[in-house]
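Have a look at the structure below, then the notes.
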Amino acid sequence: DGLSVSLTYRDGVFVKGATRGDGITGEDVTENLRTVRSIPLKLSEPLPYLVVRGEVYMSRRVFEEHNAKREAEGQQLFANPRNAAAGSLRQLDPKIAAERKPDIFVFNLQEGSLYEDGRACKTHTESLDRLDELGFTTLPRRKKLVGKEAICERIRELGEARPELEFDMDGAVVKGNNLLDR
């Protein structure tokens, strides 16, 4: 549970980051995203053009640390990790964003190719594996499942695991793996 952002790379270098905004026009948060340690500023390969989508979040541990500090200083507490992460990206001063230690999971290829020769991935699983190879942090605990029963069981498992996760989760996402079918 966080704030969705798009990361744009040209020749393997991070050049722009934006929020989803109103669905058409997002807010430019490039400088604050540069402070997120898990965002590669340079990919392991100089891909010509790439746009990926991810979710910026604040871990529960970091959230609790910030609120303890804020309480000790007599400041208003953050309401929840999602709002704290979103507020961190909207800071005018990137130093404040960096101090708040937001993190990101990248979950989707939006545009471009994950390969220098321009070829396309055939499956979502392949694209996530490739994003890992390029230096992105992708979603943990992802699984390739077949059949409604397996999917329902996995959703139940994730629901039960929520309290132990290092981050808040507002639900499970089920995606078709074959990208042509999607």
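Worth a mention:
- Members of region 154-178 that are part of a helix (DSSP H, G or I) and of a type in the set (Lys, Arg): 154, 156, 162
- Output for region 4-57, where each listed residue is without any contact (Cβ under 8 Å) to a residue 40 or more places away in the chain and either under 13 Å from the mean Cα position of the chain (by Cα) or on the phi > 0 side of the Ramachandran plot (or both): 11, 12, 17, 18, 20, 21, 23
- Residue count, region 94-117 (criterion: touching a Gly at 6+ places or on another chain (Cβ under 7 Å) and under 22 Å from residue 180 (Cβ atoms)): 2
- All positions within region 111-139 that are under 27 Å from residue 16 (Cβ atoms) and open to solvent by 60 Å² or more (accessible area, probe 1.4 Å): 111, 116, 117, 119, 120, 129, 132, 133, 139
- Of all positions in region 138-153, at least one carries a residue that is in a strand (DSSP E or B), touching a helix residue (DSSP H, G or I) at 6+ places or on another chain (Cβ under 7 Å) and not acidic (Asp, Glu).
- Tally of residues being more than 13 Å from residue 35 (Cβ to Cβ) and among the aliphatic types (A, V, I, L, M) across region 93-122: 4
The values are calculated or read from the model by the stated rules, or taken from the named source; none is laboratory data. Remember, predicted model here, so these are calculated numbers, not experimental data. Please note: Cβ atoms are built from the backbone with ideal geometry, for glycine as well, and neighbour counts cover all protein chains shown. Heads up: the accessible areas ignore ligands, DNA and RNA and are worked out on the full protein's heavy atoms, side chains in. Shrake-Rupley method; radii C 1.70, N 1.55, O 1.52, S 1.80 Å.
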